[in-house]
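Report on one structure; see the data block that follows.
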Amino acid sequence: MREMKDSGISWVGEIPKEWSVWRNKYIFKITKDIVLPSKSYQLLSLTTTGIKEKDENDNGGKVPENYDGYQIVKENDLVMCLFDLDCSAVFSGLSPYNGMISPAYKVLKVKKRIANEQYYRYWFNYVGSKRFYKQYSKSLRFTLNADEFNRLFSLLPPLDEQQRIAEFLDRECGKIDGLKADIQAQIDTLEQYKRSVITEAVTHGLNPSAPMKDSGIPWVGQFPTHWTKKKGKYILRYMSKPVKQDDGVITCFRDGEVTLRSNRREDGFTMADKEIGYQGVDVGDLVVHGMDGFAGAIGISDSRGKASPVLNVLNTKQNKKYIMYYLRSMAYGDVFTALSTGIRVRSCDLRWNKLAELLYPLPPIDEQNNIVNYIDEQIARTNEIIADKKSQIETLDGYKKSLIYEYVTGKKEVG
């Protein structure tokens with residue numbers, strides 16, 4: 001049993017007697033090397049899984065007009081996000097690449113004489129996982145400047161032990177990450193299965209022996225001979241309901257949930273100064289997002305509230321969930337994207353005039369009901385399996401965090 005001593009850091013507790021506690025300024029050097037206009041650099045991004053290369057031509061995420069002020073990052077530099085310490089999804093990462101990164105971050109080099117960058121990758125993983133640095137910030141945005149960061153303390157095990165700890169955690173965390181990747185692949189397969197169940201049922205029905213005919217709808221192909229088809233304007237009604245004084249804001253999310261924004265989250269949304277054109281939404285209304293419907297933002301509202309005019313609020317004498325599932329199947333098959341003439345990135349125009357002209361396959365209403373019941377049952381059963389697998393991932397995440405904590409703080413020793 002190792003002899004221990006108090007670290008003096010409340011969120012660390014005891015550490016091995018031979019370990020030291022030093023201020024960050026003696027372990028790390030904050031660099032500020034600015035990119036040169038005459039040279040080209042690989043664009044890098046700090047993500048929840050570390051430093052990643054980013055394609056400058058990729059339309060996903062924010063890309064600046066120019067890279068003036070961007071910082072040079074070299075392989076094995078640490079990158080820190082020292083702002084929004086109360087809520088930021090990212091905190092630190094060790095770069096495996098040479099490149100450039102946003103000037104908003106701090107770029108650190110370890111002092112090789114005393115420090116191993118791989119050990120400190122795990123150290124800051126622990127610090128960030130519990131948001132320990134938040135308590136040291138005095139600013140409204142929970143930010144630490146360079147001087148404040150330099151005054152904070154970090155553990156300093158002997159250099160050879162730092163390396164042993166890093167190698168051990170690389171090995172053990174690699175095993176955990178491999179298990180998580182396998183489980184996530186299973187979840188992805190189950191999510192794809194749900195989509196295939198929906199698409200097959202709403203376009204071909206539940207009887208595989210039913211005689212078929214050409215539907216006349218390119219993305220459907222053949223459907224049962226007793227089915228018909230109609231344009232949306234003949235089966236759907238565009239609603240425009242008045243807003244009530246106490247209505248909360250309804251949002252249609254890309255996973256198909258239509259609910260009060262407050263039921264999910266309030267952050268990350270742009271609040272309208274004036275709610276021009278807002279409309280009432282009732283429980284049970286069919287809602288199609290005019291810009292994000294292509295990505296699955298199509299559902300039945302579970303709440304009363306008000307919504308932006310970008311949402312299409314619809315009614316029908318058909319089974320609403322059947323229509324919902326059919327429209328989602330189009331989203332899953334990228335049909336909306338293929339039909340789109342819009343120029344907005346990762347979006348397409350799904351306003352009422354487009355929905356009204358679409359062709360919808362129509363089984364008899366009792367068959368629609370059976371199809372919906374079947375899909376609901378299959379999705380519920382599959383969601384139970386997915387929830388169990390997500391729980392397995394959460395357990396592995398918890399184990400990984402505890403493993404990192406125990407070894408980077410010396411509670412356990414690498415044999």
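The values are calculated or read from the model by the stated rules, or taken from the named source; none is laboratory data. Model, not experiment: these values are computed from the prediction. Using ideal geometry, Cβ is built from the backbone for each residue, glycine included, and neighbour counts are taken over all protein chains shown.
Just to be sure before I move on: is Ser10 free of Cβ contacts under 8 Å to residues at least 24 places away in the same chain and closer than 23 Å to Tyr136 by Cα in the structure I sent?
yes
Report, by residue number, each residue of the stretch 353-364 that is closer than 13 Å to Ile235 by Cβ and part of a helix (DSSP H, G or I).
Answer for the stretch 353-364, where residues must be closer than 13 Å to Ile235 by Cβ and part of a helix (DSSP H, G or I): Leu355, Ala356, Glu357.
Looking at the stretch 304-330 only, could you name the residues that are in a strand (DSSP E or B), over 24 Å from the mean Cα position of the chain (by Cα) and over 26 Å from Val202 (Cα atoms)?
Gly305, Lys306
Take Ser45 and tell me if it is farther than 24 Å from Phe168 by Cβ, modelled with pLDDT of 95 or more, assigned to a strand (DSSP E or B) and not hydrophobic (A, V, I, L, M, F, W, C). Please lay out each step first, then the result.
Values: farther than 24 Å from Phe168 by Cβ: yes; modelled with pLDDT of 95 or more: yes; assigned to a strand (DSSP E or B): yes; not hydrophobic (A, V, I, L, M, F, W, C): yes.
Judged against the criteria, Ser45 is a match.
Under 27 Å from the mean Cα position of the chain (by Cα), farther than 30 Å from Pro364 by Cα and without any contact (Cβ under 8 Å) to a residue 60 or more places away in the chain: is that true of Arg254 in this structure?
no
Only one of (1) in a strand (DSSP E or B); (2) within 30 Å of Val414 (Cα to Cα); (3) in contact with an Asp or Glu (Cβ under 9 Å, 6 or more places away or on another chain) fails for Ile72. Which number is that?
Condition (2) is where Ile72 drops out.
Take Lys112 and tell me if it is closer than 25 Å to Gly8 by Cβ and exposed (fewer than 14 other Cβ atoms within 10 Å of the Cβ).
No: the conditions fail for Lys112.
Scan the stretch 199-241 for residues that are assigned to a helix (DSSP H, G or I) and over 15 Å from Pro363 (Cβ atoms) and jot them down.
Gly232, Lys233, Tyr234
Answer yes if at least one residue in the stretch 175-187 is in contact with an Asp or Glu (Cβ under 9 Å, 6 or more places away or on another chain) and over 26 Å from Ile72 (Cα atoms), and no otherwise.
yes
Here are some residues: Asp160, Asp182, Asp177, Asp86. Which one is assigned to a loop (DSSP other than H, G, I, E, B), surrounded by fewer than 17 Cβ atoms within 10 Å (Cβ to Cβ) and among the charged types (D, E, K, R)?
Of the residues listed, the single one that is assigned to a loop (DSSP other than H, G, I, E, B), surrounded by fewer than 17 Cβ atoms within 10 Å (Cβ to Cβ) and among the charged types (D, E, K, R) is Asp86.
Pick out the one residue from Ala115, Ala89 that is touching a residue at least 60 places away in the same chain (Cβ under 8 Å) and small (Gly, Ala, Ser).
Details: Ala89 fails: touching a residue at least 60 places away in the same chain (Cβ under 8 Å).
Exactly one residue qualifies, and that residue is Ala115.
Tell me which residues, restricted to the stretch 242-261, are part of a loop (DSSP other than H, G, I, E, B) and farther than 28 Å from Asp334 by Cβ. Reasoning before the result, please.
Just the residues of the stretch 242-261 that are part of a loop (DSSP other than H, G, I, E, B), to begin with: 242-248, 253-257.
Pro242, Val243, Lys244, Gln245, Asp246, Asp247, Gly248 - these are the residues of the stretch 242-261 that are part of a loop (DSSP other than H, G, I, E, B) and farther than 28 Å from Asp334 by Cβ.
Look through Glu275, Glu266 and report the one residue that is at pLDDT below 90 and either surrounded by 14 or more Cβ atoms within 10 Å (Cβ to Cβ) or not assigned by TED's automatic domain parsing to the domain that holds Glu357 (or both).
Selected residue: Glu275, the only one of Glu275, Glu266 that is at pLDDT below 90 and either surrounded by 14 or more Cβ atoms within 10 Å (Cβ to Cβ) or not assigned by TED's automatic domain parsing to the domain that holds Glu357 (or both).
Select, from Arg346, Arg328, the only residue that is in the same structural domain as Gly277 (by TED's automatic domain parsing), under 25 Å from Val281 (Cβ atoms) and modelled with pLDDT of 95 or more. Don't jump to the end; show me each part of the working.
Values: Arg346 fails: modelled with pLDDT of 95 or more.
Among Arg346, Arg328, only Arg328 is in the same structural domain as Gly277 (by TED's automatic domain parsing), under 25 Å from Val281 (Cβ atoms) and modelled with pLDDT of 95 or more.
Any residue in the stretch 2-9 that is hydrophobic (A, V, I, L, M, F, W, C), in contact with a helix residue (DSSP H, G or I) (Cβ under 8 Å, 6 or more places away or on another chain) and not in a loop (DSSP other than H, G, I, E, B)?
So the first thing to find is which residues in the stretch 2-9 are hydrophobic (A, V, I, L, M, F, W, C), and the list is 4, 9.
Among the residues that remain, those that are also in contact with a helix residue (DSSP H, G or I) (Cβ under 8 Å, 6 or more places away or on another chain) are: none.
Scanning the stretch 2-9 turns up no residue that is hydrophobic (A, V, I, L, M, F, W, C), in contact with a helix residue (DSSP H, G or I) (Cβ under 8 Å, 6 or more places away or on another chain) and not in a loop (DSSP other than H, G, I, E, B).
Report, by residue number, each residue of the stretch 283-303 that is over 25 Å from the mean Cα position of the chain (by Cα) and crowded, with 18+ Cβ neighbours inside 10 Å.
Narrowing the stretch 283-303 to residues over 25 Å from the mean Cα position of the chain (by Cα): 283-286.
Matches in the stretch 283-303: Asp285, Leu286.
Find the residue count for the stretch 223-235, including only residues that are farther than 15 Å from Gln368 by Cβ and surrounded by 14 or more Cβ atoms within 10 Å (Cβ to Cβ). Lay out the reasoning, then the answer.
Quick first cut of the stretch 223-235, residues farther than 15 Å from Gln368 by Cβ only: 225, 231-234.
Next, only the ones that are surrounded by 14 or more Cβ atoms within 10 Å (Cβ to Cβ) stay: 232-233.
Total meeting the criteria: 2.
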